[in-house]
Every structure is written in C-alpha cells, then in structure tokens.
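Reviewing the structure listed below.
The values are calculated or read from the model by the stated rules, or taken from the named source; none is laboratory data. Note that the coordinates shown come from a computational prediction; the quantities given were computed from them, not determined experimentally. So basically every Cβ, Gly included, is an ideal-geometry build from the backbone, and we count neighbours across all protein chains shown. Just so you know, the surface numbers come from the protein's heavy atoms only, side chains and all, with ligands and any DNA or RNA stripped out. Shrake-Rupley method; radii C 1.70, N 1.55, O 1.52, S 1.80 Å.
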Amino acid sequence: MSKEKLLYLQTFGCQMNVSDSEKIAGLLQGIGYRPTNDSSQADLIILNTCSVRARAEEKVYNHLVQYKGLKRKKPGVLLGVGGCVAQQEGERLLCTLPHLDFVFGTHNLHLLPELVLSAEKGERLAEVSFIDNEKRLDLFPADTANTGVSRFVTVTQGCDNFCSYCIVPYVRGREISRRSAEIIEEISLLAAKGVKEVTLLGQNVNSYGLKNSGEMDFVTLLRKVCEVSGIERLRFTTSHPKDFSLQLIDCFAELPKLCKHVHLPAQAGSNAVLSAMNRGYTREAYLSLVRRLKEVSPGIQITGDIIVGFPGETEANFQETLSLLEEVRYTDVFSFIYSKRPETRAASYQDHVDAEEKQARLDRLLALQRKITLENNRSFVGTVQEVLVEGESRRGGQLYGRISGNRIVNLAADPALVGQMVRVAITTAYQNSLQGELCS
Ligand code: 5AD
Ligand code: SF4
C-alpha cells in the first residue's frame, strides 16, 4: 500500500472559502491526502485565498514567501494556491513565484485531484478558467463529510451585483443557484447524520432561483428546508437589502425554525455613498426594511457590514453612517476601511479621504458600535433563551451554543448536552458573548 500523504490547508477570508476548503480536503482524501495541522510535516501545502481587501491579499503573499524556506529544506513538498487571489492572478503567480507548483481558480475545485497528480510528476499548471452556469450546475456534489451540530450549505455562488468597490463578481464569476433538489437532499443527509442547524450560504442568497428558469424562489426554498425532519434551526447569509422581499420578511413570523437573526450589510448610511457604491437601495428603503423586520419579528437581531472612507465620503456622509448605526441598533457590525481593488469601478474614483482620516472614522465607528453591542447584549440578562449547544468551550470546562438571535452563550453543563436544544437563563453580558445557567 502506498504511504499516506499529509495535506496542510490554510484558509483565508470568508465562510465561502471555509466551505470550499472542506470540499478541497474531501477531494484530496480521494487521492490519498490526510489533513495535518503541522505545515512542517506536510507533503502538500494549499493556500485557499481571499482578495476582497488588499490586506487579505498581502497576507497570502507573506505566507507564500515564508514557504520558500520550507521548500528549500524539503524540496519534495508541493505548494498550491487556490481561491480568489489565484483566480485574480492566474498564471502570473507561477511566473512570479518559482517555488509555487500549481494554481487553481474558484470554478476549478473539481480539477484539483488531477492538478495535484500532475504536480507530483513535476508539472507546473494553472487552471483558472470560468465555467458556464449550465455546466457548473453539475459541479455541486452533496457535501456531507464534515458534520457536527451546525453546518453551512452552499445555495448560491458568485455575484451579479457589481457593487462598485467589490472584486467578488470578478473572482467568483456569475451568480448561480444550486439545484433545489440537491440542496434538500444534502440537508436531509446531514440531518440523518445528526446535524440540527443549517445556514444557507451564498454571496447573495435572497436572489436564489431568480436566474435559473424553473427553479423555486428563496422563500419556497426556506419552506422546503423547514420540512426536513431533524433540522431544528435554519439561518441564511448573506442577504442583500435590495432583494429582501415582503414574503421573506413574513417568513420570520411564519417559520418557527427560522432563527431571529439577519445579516444585512448596509455598507454606508448616506444616499450619496450608497449610490456611488451601486448598492441599489436608499437609506430610507434600508431603514424601512429594518423596521418591518422588527415589527414582524420582535427581538430579531440584525448584524451588518460597513465600509468607511469610500472615495468621496465626506464627514457629513460618514455621520449619516453613524446615525444609521444608532437607528438600526445593530447587534454587531463588521467594519472595514475601503480598499481599492483591481478591475472594480470604484478603483477609478478620485479618493480624497486620507489614510489617517479613514482610520479615525473607523475608530469612531468601532467605539459607537461597541457601546451599542454591549447595551444590546445586556438586554438579554434576566431572560431565558433557547440555546442549541454546539460544543465544548476552549476555556474552562464550559459548553457554548447560540441563541436564535445568533449571540454566543457559554454555560457550565454536561458535555452530553452537545447537539441539544436547552433553555438557558442569561446571567451576564460581555462584549462578545453571554454567560448563562441551564434552566432545570
Ligand atoms: N474594501 C473594503 N471592504 C470591502 N468589502 C468588500 N469589498 C471591499 C473593499 N473593496 C466588505 C463589504 C462586504 C464584506 C464581505 O467585505 O463590507 O460586505
Ligand atoms: Fe460584492 Fe456587492 Fe456582490 Fe456582496 S453584493 S459580493 S458586496 S458585489
């Protein structure tokens, strides 16, 4: 029998990449690679990369340079790059990095075993061609290898929105909705393996089905997933405010399994910036959507993404972002300094905001949101929440899980409760989590 080979897989960026990495590990298992956490032991190192912001991309290059030393010491090790940086740079990476063995793009995961086998024979190849949606529909095999209590299930890939700052449509390609029958089959298989919660995943999940003729829409998909027995909780991410229908809002009242949390990136609070970003909604439309969600589902938790320092953003524009935070009272916000990305429309915009001012705006935003987050967390103290226990905490013999509104709760309880829905009295609120006690 041939010797087992070790794969060290490093994942950068978003949940989509985390899911892709699980698929990569599964595919490479088929040609004899077993995952390791120790890069110095690996026979194959793969970086699954992100290019959404320049800093994420720089990180990848820093790692790649470090692996030069490792390859010098252990010349037989193979080094490959996949994901969004691979898609963006393609063969150029092989030219600039002579110690790199292969490159694969975001549509080429299925070719990876062949690429690795060629690399084992000394060939240096880059596979980064986009595949048309018709053919891509056949490339979503059920992924049920890694289970657990909660799983992400891909429902859409790519994006057609072309927000002016965003590289995703260029590196992930056109939006595609996976076949609903395959999604339901995958979720049924996961449920049979003990998965209790699924999160439907895509760059823009709520436009699910709109572009495939004959496919169901997102609301119908949610209803179908709720019918899968064994699945107790359903979430989705990321949804786009411009595609959030009234029927989708109503789902939060009608579907008991649908969790009371929406990740709803606003990106900015002023209409001038939203328009320059090509977001397709106004501040007023966004706030009205939030209001409706809160009416239909009292206590719903809303999280968001905000970009500060977009080209042309004035102090007055920025203050509208701060007031948006106050009005929405987000549970939490992921905030970023605008980063100029190749090919995007905004890359050609005049950028008058200097780096120091951008950082100062980010700091102001973070301080305000920290205060709102803590106040919101404190509002749970004294309440009893349904918590799906997901695992044992790294610290001090506790378990962790999440409330329907997606806040993390830690509690001291028997590990046998992992995978169970329990009632927890919330006793303390911290900045990033809640502490609770199991109700008898
Ligand atoms: N600069 C800064 N942030 C960006 N994002 C996407 N593109 C950029 C960019 N060029 C942020 C958005 C998006 C999140 C995933 O990353 O807020 O919602
Ligand atoms: Fe990027 Fe906009 Fe698509 Fe989100 S919706 S992936 S921000 S282009």
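A compact table of results
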read-out: Residue match in the range 58-80 (condition: among the acidic types (Asp, Glu), in contact with a helix residue (DSSP H, G or I) (Cβ under 9 Å, 6 or more places away or on another chain) and closer than 24 Å to residue 309 by Cα); value: no
read-out: Selection within the range 164-177 - crowded, with 21+ Cβ neighbours inside 10 Å and near ligand 2 (Cβ under 9 Å from one of its atoms); value: 165, 166, 167, 168, 172, 175
read-out: Counted residues, the range 48-68 - those being closer than 16 Å to residue 81 by Cα and in a helix (DSSP H, G or I); value: 13
read-out: Residue in the range 24-47 that is acidic (Asp, Glu), touching a residue at least 24 places away in the same chain (Cβ under 8 Å) and outside any helix (DSSP H, G or I) present; value: yes
read-out: Of residues in the range 202-236 being open to solvent by 30 Å² or more (accessible area, probe 1.4 Å), polar (S, T, N, Q) and not in a helix (DSSP H, G or I), the one farthest from ligand 2 (Cβ to nearest atom); value: 229
read-out: Helices (runs of 4 or more DSSP H) completely within the range 122-196 that count 1 or more residues being within 16 Å of ligand 1 (Cβ to nearest atom) and charged (D, E, K, R); value: 168-172
read-out: Matching residues, the range 313-325, being within 27 Å of the chain's Cα centre (by Cα) and either open to solvent by 10 Å² or more (accessible area, probe 1.4 Å) or not hydroxyl-bearing (Ser, Thr, Tyr) (or both); value: 313, 318, 320, 322, 323, 324, 325
read-out: Residue list for the range 255-273, restricted to those being open to solvent by less than 10 Å² (accessible area, probe 1.4 Å) and within 16 Å of ligand 1 (Cβ to nearest atom); value: 262, 264, 265, 266, 268, 269, 270, 273
read-out: Verdict on residue 199 being in a helix (DSSP H, G or I) and among the hydroxyl-bearing types (Ser, Thr, Tyr); value: no
read-out: Complete set of residues in the range 335-383 that are within 16 Å of ligand 2 (Cβ to nearest atom) and either open to solvent by less than 80 Å² (accessible area, probe 1.4 Å) or without any contact (Cβ under 8 Å) to a residue 40 or more places away in the chain (or both); value: 335, 336, 337, 338, 339, 341, 342, 344, 346, 347, 349
read-out: Residue match in the range 55-68 (condition: within 26 Å of residue 239 (Cβ to Cβ) and surrounded by fewer than 15 Cβ atoms within 10 Å (Cβ to Cβ)); value: yes
read-out: Tabulated pairs, the range 128-142, first closer than 15 Å to residue 156 by Cβ, second part of a helix (DSSP H, G or I) and of a type outside the set (A, V, I, L, M), C-beta under 8 angstrom, 6+ apart or interchain; value: 139/110; 140/182
read-out: Filtered residue count, the range 69-108, keeping only those that are hydroxyl-bearing (Ser, Thr, Tyr) and either part of a helix (DSSP H, G or I) or surrounded by fewer than 21 Cβ atoms within 10 Å (Cβ to Cβ) (or both); value: 1
read-out: Selection status of residue 328, β-branched (Val, Ile, Thr), open to solvent by less than 10 Å² (accessible area, probe 1.4 Å), outside the structural domain of residue 404 (by TED's automatic domain parsing) and under 22 Å from residue 408 (Cβ atoms); value: yes
